[in-house]
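Encoded as structure tokens, the structure appears first; notes follow it.
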2 protein chains.
Amino acid sequence: MRAVLLTGHGGLEKLEYREDVPTPEPAEGEVLIAVGAAGINNTDIWTREGAYGTEDDPAAASGWRRGNTMRFPRIQGADIVGRIVGAGGSVNESRIGERVIVDNALYDGGEERLLDSGLIGSDRDGGFAEYVAVPAENAHTIESHLSDAELATFPTAYVTSLRMLNRARVSAGETVLVTGASGGVGSGLVQFARLRGARVIALVGSGKEDQARTLGPESVIARDTSNLPAAVAKVAGGRPIDVVADVVGGDVFADLLNVLRPMGRYVSAGAIAGPMVRLDLRTLYLKQLELIGSTMGTHEEFASLVEHIASGKIKPLLARTYPLSDIRQAQRDFTHKTFFGKLVLIPNRSSGPSYAELRAD
Amino acid sequence: MRAVLLTGHGGLEKLEYREDVPTPEPAEGEVLIAVGAAGINNTDIWTREGAYGTEDDPAAASGWRRGNTMRFPRIQGADIVGRIVGAGGSVNESRIGERVIVDNALYDGGEERLLDSGLIGSDRDGGFAEYVAVPAENAHTIESHLSDAELATFPTAYVTSLRMLNRARVSAGETVLVTGASGGVGSGLVQFARLRGARVIALVGSGKEDQARTLGPESVIARDTSNLPAAVAKVAGGRPIDVVADVVGGDVFADLLNVLRPMGRYVSAGAIAGPMVRLDLRTLYLKQLELIGSTMGTHEEFASLVEHIASGKIKPLLARTYPLSDIRQAQRDFTHKTFFGKLVLIPNRSSGPSYAELRAD
């Protein structure tokens, strides 16, 4: 099959588009999916670069499991939408033909186990391919009028934003400052916080203000404003900031804590602008803040995401699609962050025999 | 009366022992207390030094209210034990004669208001004096066989530790790493965590291990151990670290997060070793940690502290007493941290007429 192999930690040259990759067989308990679309996420880039560091050495080359070595070659791609075309072992063959969206978290047990197991697209092969085999329970039936590419904008980003709001206990009437609001997770934060009845102040890169407004926040601020706390206070109009939901980190971090009300909550699930920040512990304890880490989403949160998608109340932000064979260009564009919404890869597919026909012999 | 005036932010020279300070009159709603003993806390030193910084300028000279200017001269002293000798206005005179321990938090409303109002000993005069007037509801009747000096070891430190454990939701069976366990707040953390049925690993300065053992932790580690995570893992014997309760901060901060289990909680109420720390946001979000700030204690938590003291289940750690006139030496000794437990000041008192006699004319 056609697929992109990640051959090691490094630059774009580590991504090899190939047409001779063996099509996976669904093992016991797995389904085989003909991939319709696969979204690109920061985690694809960071995993390729080995940018997660380790606890002992923040600059070490490491995948997201920090210190655990990844095995190569690996097919990345965490956000998978497609149709089930094969069922392994005891999986009911009636599932063949289902349109599915994939929960890429591989774990059993409680939410604290999210870090222990693995992720589809990182610890086992993912969706940057014509076909992918995944555990049957990770493939959720989806009913939606959206295209595969539109659906592929949601999984990782939106389950991450849903979990962030859950972890930070965001509720109706609260005011939430969302950073990176034009990005995948950020746009999810804005949409889900609005659905909860929270007021949203969206912080975005310069020039993306108008796009961010389409998501329905109460107000939008450009990140490079000279005095962020003053700008936030102005648009908040005297209301305290209850929660900051951040995926940016970096230089803006201290200001994000400064704008919070006493006993406010800061929640982070990423740090695009840089993960190493200076924290003034006096701000933490004198304001009695909570800094909450959140990663990916639980199986329960993914199920909730699927319901939200099916309800039609959240809208996909699809910036552009690329054929899978153009993955290097897609990731180059992704890194430049000049788009609004998600970039999605569409597998190159021959017009030859279908998978079912291939297997019929 | 005899009292110590803080005349401005600065060194020990800003503390002036005087014998000609006017005795305060209890205003409406206040009681006048003849101070029996007044404990010394970090906050006395930090407030004198103006060491709290501001959110905009971590190095700015500021009291604990960060950016609000204090008024001088000020009588410090947050931990007050004594007897009621006067009642202002509508306060029932039957309270005269009560032995009391003082809640130094001045606020109304919920716990988020802890920062809005003030503290006795900082925002109004405190206990480094023969007499102090405080709001009647801040003076709690105490029944105990302990001496005034022993009781004066508890208020600020122990209500702070009680609140830290509440904020971090420490419960029976959990394992808690306590830093600065030989200090005021730290010893409270160890004692209260044990009372809750938690297992405690106590981290102390070198040479204080044996003293810390008297508090009943499961194990004790010296802070200057070369590999803290390894030392913690060894004494934990495979049990995960659920909570870190920290008053130290500084260089050890990163290791304190590294030893926590996924979804573990870190709670801070101070940073003796330095408040400016480096935080790796990846550790926060990949491990899904909670970093919780806690400051002082609520009125409800102070009432709970008084019950704990009356129960006799927590023991006072009184290192030494000094006459109030020796406050500079006491604070010098306090800063060197060579003692175990609290330093407490005893007001110099003439053998002349009592306050009641003075007022009888």
Across A:104-117, the residue-averaged tally of Cβ atoms belonging to other chains within 10 Å stands at 2
Per the C-alpha gyration tensor (a ≥ b ≥ c, the square roots of its eigenvalues), chain A is rounded if a/c is under 1.5, else prolate if a/b beats b/c, else oblate; here it's prolate
Out of A:GLY82, A:GLY184, A:GLY237, a Gaussian network model of chain A with alpha-carbon springs under 10 Å gives the largest mean-square fluctuation to A:GLY237
Which of B:VAL277, B:VAL244, B:VAL178 ends up with the largest GNM mean-square fluctuation for chain B, with Cα atoms connected below 10 Å? B:VAL277
Give the A-B buried accessible area in Å², both sides summed, 1.4 Å probe, nearest 100. 4300 Å²
Top of A:HIS299, A:HIS308, A:HIS145 by mean-square fluctuation, Gaussian network on chain A, Cα under 10 Å: A:HIS145
Percent of accessible area on the range A:166-250 owned by carbon and sulfur, 1.4 Å probe? 47 percent
Counting DSSP beta bridges in the protein assembly as shown, what percent are antiparallel, to the nearest 5? 55 percent
Which whole-number value in Å² is the accessible area per residue of chain A, probe 1.4 Å? 37 Å²
Could you tell me which of rounded, prolate or oblate describes the protein assembly as shown, using a ≥ b ≥ c as the square roots of the eigenvalues of the alpha-carbon gyration tensor, with rounded for a/c under 1.5 and, failing that, prolate when a/b is larger than b/c and oblate otherwise? prolate
Working out 0.36 nm times the residue gap between B:VAL235 and B:SER117, then minus their Cα-Cα distance, what length gain in nm do you get to one decimal? 38.2 nm
Heavy atoms of A:ASP125 accessible to a 1.4 Å probe, total area in Å² rounded to 10: 60 Å²
For B:ALA51, enumerate residues with amide H under 5 Å from its amide H, sequence gap 5+ or separate chain, H modeled in the peptide plane. B:SER62
Nm distances between the label at A:ARG113 and the same-position labels in the remaining copies, 7 Å along Cα→Cβ, shortest first? 4.5
Nm distances between the label at A:GLY89 and the same-position labels in the remaining copies, 7 Å along Cα→Cβ, shortest first? 7.7
With only Lys, Arg, Asp and Glu charged, each at its Cβ (+1 for the first two, -1 for the last two), find how big the charge dipole of the range A:157-293 is about the Cα centre; round to the nearest 20 debye. 340 debye
Neighbouring partner chain Cβ atoms per residue of B:256-268, average, 10 Å criterion: 3
Chain A - charge dipole about Cα centre, Lys and Arg +1 at Cβ, Asp and Glu -1, debye rounded to 20: 1320 debye
When Cβ neighbours within 10 Å are restricted to other protein chains, what is their mean count per residue of peptide B:289-299? 5
Specify whether the C-alpha gyration tensor of the range B:83-188 places it in the rounded, prolate or oblate class, a ≥ b ≥ c being the square roots of the eigenvalues: rounded for a/c under 1.5, otherwise prolate if a/b is larger than b/c and oblate if not. prolate
Under 5 Å, built H, 5+ apart or other chain: amide partners of A:ALA133: A:ILE33
State, to one decimal in nm and shortest first, how far the label point of B:ASN348 sits from each corresponding label point in the other identical copies (label point: 7 angstrom along Cα-to-Cβ). 9.2
Divide by every residue of chain B the summed helix terms, -39500 (n - 2.57) for each DSSP H run of at least 4, and state the resulting mean residue ellipticity at 222 nm, rounded to the nearest 500 deg cm²/dmol. -7000 deg cm²/dmol
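The values are calculated or read from the model by the stated rules, or taken from the named source; none is laboratory data. Small disclaimer: the values here were computed from a predicted structure and weren't measured. Don't worry about glycine lacking a Cβ; one is built from the backbone with ideal geometry, like all the others, and counts go over all protein chains shown. Note: areas computed on protein heavy atoms with side chains; ligands, DNA, RNA excluded. Shrake-Rupley method; radii C 1.70, N 1.55, O 1.52, S 1.80 Å.
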